[in-house]
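Bear in mind that the values in this text are calculations on the coordinates, not laboratory data. Please read these numbers as outputs of a predicted model, since none were measured by experiment. Cβ atoms come from the backbone with ideal geometry, glycine included; neighbour counts cover every protein chain shown.
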Amino acid sequence: MKLKLEEVEIKFQIAIDQLIEAYDAHMKKTAPAPQLLPVRLSVQIECKQGLRLDNLNLKPYDNFNDLKKLVQEVCEKRGDRIIGFEDSVQFFIEGPLHLKGELMQIEEEAKENELTQRIQVEDLTAPFSKY
């Protein structure tokens, strides 16, 4: 009887392994490309007493002009209306060190525990998928 139980457990483990392999193969075929997924970001507005808007969801083809509209809407809902953005306003992207989908190497001179890059955005019409 003990032998049969061991055989059943082995067959069960094989079935689980095959199921996992089939699931992984299926997901590789059906999962959307990362550049098609929504972009989630947090925005910090220094001139608004350090106001931070966390976990804003945007489409990968949205750009900073879309983000400006979203920030204005969110601030208006909070009762802190933004009249407009002056041309002198600067936009920066801070995030994980990525380059063409792969993590960039952190240089030795980089600050200890520094895991982000900071990019000044010049073209406000460039889609977020560019970054």
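Results, tabulated for the structure shown:
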read-out: Local net charge near ALA126, Cβ-Cβ under 12 Å (Lys/Arg +1, Asp/Glu -1); value: -3
read-out: Long-range HN-HN contacts of ASP62 with modeled amide H, under 5 Å; value: PHE128
read-out: In Å, descending, principal axis extents of the Cα set of the stretch 1-66; value: 75, 28, 9
read-out: Theoretical gain in end-to-end length, LEU36 to TYR23 [0.36 nm per residue, Cα-Cα removed]; value: 2.5 nm
read-out: In nm, spacing of pseudo-spin labels at LYS4 and GLN44 (7 Å Cα→C-beta vector); value: 6.6
read-out: Out-of-range pairs (alpha-carbon distance over 31 Å; input LYS29/LYS59; LYS28/LYS130; LYS28/LYS77); value: LYS28/LYS77
read-out: Computed FRET value (nearest 0.05) for GLU122 with GLU73, which takes r as the C-beta separation and R₀ as 35 Å; value: 0.90
